[in-house]
Amino acid sequence: MASFRRGVMEFYRRHGRAFPWREDITPYRVVVSEVMLQQTGVERVREKYEPFVRLLPDFASLASAPLRDIMEAWQGLGYNRRVLSLKKLALAVMGRHSGELPRDRVSLLELPGVGEATAGAITAFAFNMPAVFIETNIRRVFIHRFFADQAEVSDRQIIPLVEAALDRSNPRDWYYALMDYGSVLGRTGYNANKKSAHYSKQTPFAGSDRELRGEALRVLLACGPMSVDDIAAATGRDPGRLASVLDAMVGDGLISREEKGYRVA
């Protein structure tokens, strides 16, 4: 384990990545980055992150901003339900915690959109406090290093190793190092994460409901309230399928239905 830690940290000293969310670290900036990085690649997040935090620099501004403004700043990141979670999280921080992000894991897990991995990442990156968590790149490193000869690996097997390897004096840099190393491993052509018992290949984006949701939302943000037929004409999509997708978006709280059609909630 000591040899493993030395190797990872040596890699980080030579090849560590620079990201805006690793600079001027505040709990708010960490939360925004962690929510953005859920299911979105780092280069796309790098492009959108600074404009977003300039427009909405803290929990108070995010909590008070109209959902439409937040969605416009979010455009291009996909998985737009995260916008709702992020706004609800900001409202919870302002309402329940007097504007201060809580440090304890239990309170973090009570916040909208925060699961085990996100709570652990926030603990380590926002507060530099030791926490055990797994995400894609961390999982890849441990499978590559400790389970090379095993066909299937569960997170339950990995967690004790993550805990044993953790640098409790500087968990922030340790996890940065693990994630940067895992990112490089992911570009070698061999994906160790395919051995994970939790691995699932993402469905293609082209032609998916996710693509259709994004197109509909962009049109509504640009044009205001529109009928199903108008949105179909603007996107070139089938009105029947579009109506089903729009109704699901209403259910999610992303848009609302009114007499003239649909609009951003």
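The values are calculated or read from the model by the stated rules, or taken from the named source; none is laboratory data. These numbers come from a predicted model, not from an experiment. Cβ sites come from the backbone with ideal geometry, for glycine too, and all protein chains shown count toward neighbours.
Odds and ends about this structure:
- Considering the range 121-137, and only residues there that are assigned to a loop (DSSP other than H, G, I, E, B) and in contact with a Lys or Arg (Cβ under 8 Å, 6 or more places away or on another chain), the residue that is surrounded by the most Cβ atoms within 10 Å (Cβ to Cβ) turns out to be 131.
- Meets criteria (in contact (Cβ under 8 Å) with a residue 40 or more places away in the chain and either in the same structural domain as residue 250 (by TED's automatic domain parsing) or of a type in the set (A, V, I, L, M) (or both)) for residue 35: yes
- Segments classed as helices (runs of 4 or more DSSP H), wholly inside the range 151-265, with at least 1 members that are outside the structural domain of residue 88 (by TED's automatic domain parsing): 209-223, 228-235, 239-252
- Close pairs from the range 185-208: first surrounded by 10 or more Cβ atoms within 10 Å (Cβ to Cβ), partner among the hydroxyl-bearing types (Ser, Thr, Tyr), Cβ under 7 Å, at least 6 apart: 193/136; 193/199; 197/154
- Criterion (part of a helix (DSSP H, G or I), in contact (Cβ under 8 Å) with a residue 24 or more places away in the chain and under 30 Å from residue 205 (Cα atoms)) met by exactly one of 83, 114: 83
- For the range 21-37, the count of residues that are among the hydroxyl-bearing types (Ser, Thr, Tyr) and modelled with pLDDT under 95 is zero.
- The sole residue among 49, 12 that is touching a Pro at 6+ places or on another chain (Cβ under 6 Å) and either in a loop (DSSP other than H, G, I, E, B) or among the hydroxyl-bearing types (Ser, Thr, Tyr) (or both) is 49.
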